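Nothing in this text is a laboratory measurement; each read-out follows from the coordinates by a stated rule. All values derive from a computational prediction rather than experimental measurement. In this analysis, Cβ positions are derived from the backbone assuming ideal geometry, glycine residues included, and neighbour counts consider all displayed protein chains.
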Amino acid sequence: MAKYETVFIVRPDTTDENLDQLIAQMETAVTGAGGKPEQTSKMGRRRLAYRVHRQREGFYILLSLEGSGNTVRELERRLKVNDQVIKYMTVRLDEQIKRAEKLRAEWAKRDAKRAQSKAAAAAARPAETAAQE
């Protein structure tokens, strides 16, 4: 199963009670589709970069989940039909995590190589100064 993050924006006039109910619905949609919701974060009300459905502000919610493509498809279908949701976006994290780990390994290898060449250069310097004297 892959890891995903879904950010969705809810209308700013939504009450806290309705917001909690919406989050619970989305989490049950994920579990019903065979996924596992890992973490849900309310990021708060923020100003949008541009108007979306005549709204200038929205309430941002981040939902981290683990599941398959069918799980994400079902979640996005539910977000699309809900009138309170203005916009949503899902990102797969597995590929980004693998890419970051690969870069870290390359950087560690490069740093080790640099440290080794600096040590060799430092060891060669005292021999040069002794030969000059």
Taking the Cα atoms only, what angle lies between the long axis of helix 94-132 and the longest principal axis of the chain, rounded to 10 degrees?
20 degrees
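So, counting K/R as plus one and D/E as minus one, what does the shell of residues with Cβ under 13 Å around residue 67 add up to? Present the calculation step by step, with values, prior to reporting the outcome.
Details: positive: 3, 36, 73, 92; negative: 5, 27, 38, 66, 74, 76, 94.
Once positives and negatives cancel, what remains is -3.
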Kindly put 65, 48 in sequence by how many other C-beta atoms sit within 10 Å of each C-beta, fewest to most.
48, 65
Kindly list the residues of the range 81-96 that lie in the label zone of residue 17, defined by a backbone N under 20 Å from the point 7 Å along the Cα-to-C-beta vector.
83-85
Between the Cα axis of helix 16-32 and the main Cα principal axis of the chain, the angle (0 to 90°, nearest 10) is 70 degrees
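Can you classify the range 1-56 as rounded, prolate or oblate using the Cα gyration tensor, where a ≥ b ≥ c are the square roots of its eigenvalues, rounded means a/c under 1.5, and otherwise it's prolate if a/b beats b/c and oblate if not?
Details: a/c = 2.50, a/b = 1.74, b/c = 1.44.
In terms of gyration-tensor shape, prolate.
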Label-point gap, in nm, between residue 113 and residue 83 - each point 7 angstrom along Cα→Cβ
6.1 nm
Quick one: angle between helix 69-81 and the longest Cα principal axis of the chain, in degrees between 0 and 90, rounded to 10, please.
50 degrees
Of the labelled options (1) -0.63, -1.05, -1.22; (2) -0.71, -1.03, -1.16; (3) -0.95, -1.28, -1.30, which one gives log10 I(q)/I(0) by the Debye sum over Cα atoms at q = 0.14, 0.19, 0.21 Å⁻¹ as computed for this structure?
(2)
Using alpha-carbon pairs under 8 Å, 6+ residues apart, how would you state the relative contact order of the chain in percent?
35 percent
Yeah, the range 54-105 with a ≥ b ≥ c from its alpha-carbon gyration tensor (a/c under 1.5 is rounded, else prolate when a/b outruns b/c, oblate otherwise) is oblate
